[in-house]
Amino acid sequence: MKRKIAVLANGWNHLGIASALKGIRSVTDKLNIDVFLFLSFAAFAQSQERNDGEDAIFDLTDYSDFDGVIIFSGMLNSQKTPEKIAKVIVEHKIPGVSVGWPLEGLDFVGIDNFKGMFEMVDHLVKEHHIKNPVFLAGTADHPDSNERIDATRQALGINGIELKPDRISYTNWEYLTAMRQAQEFVKSDNPPDAFICANDHNAIAVCIGLQRLGYKVPEDFIVTGFDKIPHAETFYPSITTVYQDFEKIGYIAAWQLMEKVEGISHANQVIVSSSFVKNESCGCKSVQEAELVRHDFCINAYVKEMESLITQADSAAMTGLIFNGSNYDNLKKNILNFYKSSNNFKGHDFYFILDDNARKNLTSSTFPIRKTYSDKMCCLVEVKNDKASYVGNFKRKELFPGYSKGKKPKVYTFTSMHYDDNLFGYIVLTDAIDHIRDTSLNHYMIQINYNIEQYRRNCRFEEMNKALRNISNTDQLTGLNNRFGMEQNAVPILKEANKKKKRCAIMFADINRMKYINDNFGHLHGDLAIRTVASSLLKEMPQNWVGIRYGGDEFIAVGECDDEKLVVKYIKRLNETLRKEVEGMQLAYPLTISCGYILSDPSATTTLVDYINQADSIMYVHKQKTYELEKKKKEDVSTNIKSLDELPRVK
């Protein structure tokens, strides 16, 4: 039976994890094992909310579904995250290996930060005679950074140099912070002669900061780094650094895990050495030697620039096409159409997965966005063999629809879609090592996360605008459309009916003896009468018709209708419903209405207001007839009355 393992890592160390995956695959491909990579882009420089949204990807899955787990604990943004995951793995008795930091209950692959760093600093003292270095560290609680400080302190110590606390400065691994701190040190009363940096990114930032002040490296200051990233080799000057063989580390971690899975593990701890690499920034490598690497870099840089332009064009198209809408149905359609023609991740299987709760939130803000994943997901886009299709709903436990343990082993990369700690879903991409290495996956996720949040805000604005339109279009006393609402909702019905060569019914209703009610029982009863008639009008109104309060006690109903009998039946039901309402309320006054209606002529250019005036005239004729009948009835009663007991009683 084919196996699968989970790998947890941070994508900001893109070169390290890309190399480590290469080493892991040299084992898993041979054993036909699928790798599920859960990748966070949390960073020290980002807000806690944003990092929580990134690290949520580690809570997506049930690790008991895997044969084993590798945690790149040294890469993750905090110690709490790998410790929490390790606890779950140990509780479920899942084989696990931690790379970077020891975690209780897991096998351990460590990286010897000490050896390479010690050798490099010892070299700086003995060969370049530094006497007053500064150490630019990462964060105060980072084990790797602290081990590199300790190695530096000991290497200086055996050479009679003390690394004082005020010569250690923490950059939080931030480029601009490292640059600023270096500039402040050289402007101080006691400038250093060397900058020993906890990683290559900080070392490059220091070189740039010094160059901006007019200094040269290594002539004026020596600068060193750690990690041996490609830019360290191609930068001017190339950076003297320490090399960690992540490909070897990944290979060892994968073998160690599989031995544990098989129950034949012999060692639960392996330490991989680091090595010192001489370059131009300490003065040990000539420009001519370094140019060979830069030559190849320049060629590759052009290729990457052209590919980046294509990616940027795709990103712009994604922003313009997909996320300028403001309703969920448009999102589904637009995003599918985009990926049918997109050049993003061509040749890779790709899944765009929306969390069910996020879908509800996009539909209505009454559903709050969640900070944990739902049990239900929706695959808006599945790209297989460069063909995009909509899949629909599936259970979160499946991770993505249609997974099958095929003959060819793959790496499935999972990254979180979110804004701060509000989760939208995630994407899945197969065999994405190159996209991790060149940071295009990171850039894609930054873009898509921003776009989804912007789209979500569009939905909220549209919802608010709709509510405001409803307020401006709605009569507050009855809930019917007012005259503004008539223009927005009733006029289009007539126009659409004319376009389809169909007729519309325009019914006009007016409360009988409204002045009598107001004058004798007060305006509160007048309002009650208006609300009661409006309620009856709405209860019996045919589907897709629009009800309007046209004036004080005047009402209109408009709707498509080719059969006059339907209008007659509606008016009859309306009067009957009103009669029952009035009987139940036991009002001290009669409450009736007079109605008139007209059917539109699709071939005419008559406006809705013209039809309303015609229906009003017809209603007035009915009202006059009603008054005449009531007057005649009263006369008949008065001429035949013989006692007070014979006076009519108003129920």
> Taking Lys131 as the anchor, which aspartates and glutamates have their alpha carbon closer than 20 Å to its alpha carbon, excluding any fewer than eight residues away along the same chain?
Replying inline: Glu119, Asp122, Asp150, Glu162, Asp166, Glu184, Asp189, Asp193, Glu219, Asp220, Glu280
> Can you give the relative contact order of the chain as a percent, counting alpha carbon pairs under 8 Å and 6+ residues apart?
Replying inline: 12 percent
> Where a Cα-Cα gap under 27 Å defines reach, which lysines qualify for Lys565, not counting those fewer than 8 residues away within the same chain?
Replying inline: Lys495, Lys499, Lys500, Lys501, Lys502, Lys539, Lys580, Lys623, Lys625
>> Give me, ordered by chain and number, the residues 5 or more places off Asp431 or on other chains with an amide H under 5 Å from its own placed amide H.
In response: Val411, Tyr412, Thr413
> Which whole-number percent is the relative contact order of segment 433-543 (Cα, under 8 Å, 6+ apart)?
Replying inline: 16 percent
> What percent do you get for the relative contact order of segment 22-156 when only Cα pairs under 8 Å and 6+ apart count?
Replying inline: 15 percent
>> So if each residue of separation counts as 0.36 nm, and I subtract the Cα-Cα distance between Lys625 and Lys495, what length gain in nm does that give?
In response: 43.5 nm
>> Please list, ordered by chain and number, the residues whose modelled amide H lies under 5 Å from the amide H of Arg3; skip anything fewer than 5 residues away on the same chain.
In response: Asp34
> For the chain, what is the accessible area per residue in Å², given a 1.4 Å probe and the full set of protein chains?
Replying inline: 49 Å²
>> At 222 nm, what value in deg cm²/dmol follows for the chain if DSSP H runs of at least 4 each add -39500 (n - 2.57) and the sum is divided by all its residues, to the nearest 500?
In response: -15000 deg cm²/dmol
>> From the phi angles alone, apply the Karplus equation (6.51, -1.76, 1.60; θ = phi - 60°) to segment 157-171 and give each ³J(HN,Hα) in whole Hz, x where the residue is Gly or Pro.
In response: x, 5, 9, x, 10, 9, 8, 6, x, 6, 9, 10, 10, 9, 9
> What residues have an amide H closer than 5 Å to that of Tyr419, excluding those fewer than 5 places away on the same chain, when H is modeled at 1.01 Å from N in the peptide plane?
Replying inline: Phe424
> Quick one: which of Lys93/Lys228; Lys260/Lys387; Lys248/Lys410 span more than 30 angstrom between C-alpha atoms?
Replying inline: Lys93/Lys228; Lys260/Lys387
> When the Karplus curve 6.51 cos²θ - 1.76 cosθ + 1.60 is applied with θ = phi - 60°, which whole-Hz ³J(HN,Hα) does each residue of segment 195-212 get, with x for Gly and Pro?
Replying inline: 10, 9, 10, 6, 8, 5, 4, 5, 5, 5, 4, 5, 4, 5, x, 5, 4, 5
>> Quick one: 3J(HN,Hα) in Hz for segment 130-143, Karplus 6.51/-1.76/1.60 with θ = phi - 60°, rounded, Gly and Pro as x.
In response: 5, 10, 9, x, 10, 10, 9, 8, x, 10, 5, 10, 8, x
> Within the accessible area of segment 152-254, what % is carbon and sulfur when the probe is 1.4 Å and the other protein chains stay in place?
Replying inline: 49 percent
> Roughly speaking, what is the centre-to-centre gap between segment 418-442 and segment 140-203 when only Cα atoms are used, to the nearest Å?
Replying inline: 33 Å
>> Of the listed values (1) 1.24; (2) 1.12; (3) 1.14, identify the label whose number matches Rg/Rh (Cα atoms, Kirkwood Rh) calculated from this model.
In response: (1)
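The values are calculated or read from the model by the stated rules, or taken from the named source; none is laboratory data. All values reported here derive from a predicted model rather than from experimental measurement. Accessible surface areas use protein heavy atoms only, side chains included; no ligands, DNA or RNA. Shrake-Rupley method; radii C 1.70, N 1.55, O 1.52, S 1.80 Å.
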